[in-house]
Amino acid sequence: MTRTHKSTQTQFAFFGAYHALAVTFVMAVTILVVLLLIPAPAKAQNSGPIQLVPSTTTPPPATATEDEDEDDDEEKKKIVTRDDESSEDTGTEEDADEEDADEDDADDEDPVAVGALRPPDPSAVGLLSADNGGLGPALWRGADLALIEALIPNLPAKTNSRAMRALMQRLLLSAAPVPEGQSNAASFLGVRIDQLWAMGDVDAALGLVLIAPVGLFDPTFSRTHADGLFLRGDHSGACEIIEREIASGRSDEFWFKGLIFCRALRQEVEAARLGADLLLEMGETGDEAFFTLIAALIGEPGATLVSLPAPVPLHLAMLGAVRQEIPADAVITAGPAVLAAIAGAPNAEIGVRLIAAEKAEAIGALRKNRLSQLYASVEFSPDELANAVSIALAEDSPRTRALLYQAGQVQTVPAARAEAMRAAWGVSRRNGGFATAARINHDALMQIQAGEELAWFSGDAGLALLAVGENDAARVWFDLARANASVNAPEAAQAVLDLWPLTVIASQAAGSTWTTDAIHNWWMGQGESPLAIRNKRAGLFYTMFESFGLMVPPADWQPLLNGSATRSGQIPSPALWRNLREASISGRLGETIIYAMLALGHAGPASANPLTLESVIAALRAVGLDQDARALAVEAMLAETL
């Protein structure tokens with residue numbers, strides 16, 4: 001296959017009397033569809049594609065793997081395929097209408113209401129109802145559809161904040177009547193699916209695709225389905241979708257590239273070559289990776305991909321089919337879903353997989369057990385395992401983090417395992433990977449029983465447990481530290497100072513340790529820290545206390561005036577700040593969540609100005625999301641403590 005335009009004579013051979021430069025876009029599209037679809041009708045897909053080489057594809061993304069917990073498997077069984085019948089509990093607008101009708105019956109004296117009823121919007125379906133974690137039928141009440149459609153794509157999809165991610169997932173997966181107003185999108189459901197994909201939640205995105213009601217048409221559904229199947233290695237299924245969409249009139253580059261790939265898989269070399277040349281004639285020359293991989297698939301010598309700066313699922317499927325290694329630069333700009341797929345790809349070098357896995361896990365696109373399994377697969381010598389800490393301190397890399405993980409796993413004595421965990425967490429504090437290190441060691445940590453002999457470990461254990469949301473378990477270690485804190489046990493005393501503010505905020509029940517004397521004692525315990533650090537930490541903690549109704553005496557605020565009078569950090573625009581406040585006061589739940597997430601941004605609570613956090617917490621609590629607000633506050637306070 002050549003990259004140059006065909007000669008006039010060659011063009012006459014294919015198209016008759018038309019010169020290549022006179023072929024319009026519509027004519028080229030028509031020819032491409034005819035030439036590529038006629039050789040193998042869509043029904044031939046039943047027998048599966050004939051591959052040029054044995055299929056070596058990227059494995060499923062992290063959100064759909066064989067090692068998932070049983071609870072995840074049970075949840076997947078609830079996802080149904082698209083058919084004419086709705087699922088048993090989709091929480092559509094009929095549910096809300098029934099509730100409203102009960103209220104109206106009590107207020108209306110006239111038993112007969114005359115007027116046109118708005119039919120339920122099929123985009124109201126979701127995977128979460130109010131009974132299983134959803135936000136309920138009032139989620140979008142009072143919101144304007146066009147505004148919400150414009151805001152959702154701006155949500156911080158790649159944030160490292162697990163509290164933010166969990167709340168955004170609930171927002172997008174909840175079954176609820178669609179906002180009122182004029183739509184500017186193909187469907188509100190498609191907007192939600194696109195954002196879930198951007199977050200790397202492939203299972204959730206596909207789950208919504210599969211329950212999309214028949215009759216609701218949105219290009220997002222089929223494109224997401226095809227991309228998801230490519231990531232899962234199901235080339236036959238993806239090709240079936242692609243040929244169906246092409247036959248139905250889809251005419252954009254995504255579908256044509258997919259169709260050309262499918263023809264190459266069937267060994268229809270001339271059709272694939274012609275399709276690629278036609279794309280070049282039509283000016284689609286920007287995707288060098290695609291054309292290189294098509295050349296490799298149809299057997300052209302020397303067609304090797306050495307760089308992949310903007311990877312998409314189709315690229316990974318093609319690389320797997322042709323058995324070429326995924327280029328190292330693919331992980332630099334890859335989206336969450338693609339990162340998760342690269343982490344498990346057998347045709348990626350282990351160093352590339354480790355980088356992809358760490359990045360994907362940090363933003364929630366890869367389950368912790370996938371990362372820990374990858375860490376466990378790295379080979380180390382006995383000498384390296386014995387000197388893991390010193391090696392990791394000298395070189396901070398994904399490989400040394402895998403080394404620290406393995407060093408901790410081989411220990412069976414609780415004290416020795418605790419020492420290994422402390423070392424791993426100490427290294428991770430320097431590179432910002434503490435939360436990931438806490439998650440992958442979570443199971444092992446939960447097996448260590450808090451006892452007096454481990455009081456020295458209470459601070460490390462408590463912070464790690466708070467990082468993964470194990471608030472009750474963290475409280476056990478805090479109580480151990482408090483019982484053993486003394487001049488002769490400085491580590492336990494420091495653990496009390498580190499853990500007390502976080503345990504107060506983590507749950508309402510923990511507020512029993514709140515006293516004004518405790519505030520004073522905590523402040524006095526910060527005496528060895530530089531003034532700027534003390535004031536910064538106290539300013540955040542005191543603001544968080546008061547955000548949850550625990551008022552700090554004015555006398556304890558007074559020392560903070562001795563330092564800087566200003567504070568940096570993420571601050572939302574005045575318009576966003578105003579809309580957040582107004583939406584929460586008006587009780588517009590979904591809108592409040594969106595503004596709160598936008599106010600925190602991709603950097604999340606860890607980088608937010610305390611006043612931004614105060615506004616976000618107040619707004620979320622006003623619409624009934626107290627636990628979500630606490631989780632955000634704990635993340636911010638934990639980052640400050642570390």
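Taking a quarter of the surface of the convex hull around the Cα atoms of the range 549-617, what do you get in nm²? Average of the hull's projected areas for the range 549-617 equals 5.7 nm². The mean sequence distance of close C-alpha pairs (under 8 Å, at least 6 residues apart), as a share of the length of the range 371-514, puts its relative contact order at 15 percent. Quick one, what does Rg over Rh come out to for the range 530-586 if you take C-alpha atoms and the Kirkwood Rh? Here Rg/Rh amounts to 1.07.
The orientation-averaged projected area of the convex hull spanned by the Cα atoms of the range 196-318 comes to 8.0 nm².
Rolling a 1.4 Å probe across the protein heavy atoms gives the range 246-374 an accessible surface of 32 Å² per residue. Available extension along the chain between D131 and S564 is 151.1 nm, counting 0.36 nm per residue and deducting the alpha carbon span.
Between T513 and A416, the contour length at 0.36 nm per residue exceeds the alpha carbon distance by 31.8 nm. In the full protein context, the range 177-236 carries 31 Å² of accessible surface per residue, based on a 1.4 Å probe and ignoring ligands, DNA and RNA.
Computed over the range 394-483, the P(r) tail beyond 18 angstrom holds 38 percent of alpha carbon pairs. Quick one: with all protein chains in place, what share of the accessible area of the range 233-308 is carbon or sulfur, to the nearest percent (1.4 Å probe)? The nonpolar share, carbon plus sulfur, comes to 46 percent. Spacing of the modelled spin labels on A555 and A483, each 7 Å from Cα toward Cβ, amounts to 3.3 nm.
Accessible surface calculations at 1.4 Å, restricted to protein heavy atoms, place the range 520-642 at 44 Å² per residue. Heavy atoms only, probe 1.4 Å: what % of the accessible area of the range 562-641 goes to carbon and sulfur, would you let me know? The computed percentage sits at 53.
Label sites at E253 and E395, each approximated as a point 7 angstrom past Cα along Cα to Cβ, lie 4.0 nm apart. Length available on full extension from I332 to F217: 0.36 nm per residue minus the Cα-Cα distance, which gives 38.0 nm.
The values are calculated or read from the model by the stated rules, or taken from the named source; none is laboratory data. Since this is a predicted model, take the numbers as computed values, not measurements. Cβ coordinates were reconstructed from backbone atoms using ideal geometry, including for glycine residues, and neighbour counts include every protein chain displayed. The area values use the complete protein model at the heavy-atom level, side chains included, leaving out ligands, DNA and RNA. Shrake-Rupley method; radii C 1.70, N 1.55, O 1.52, S 1.80 Å.
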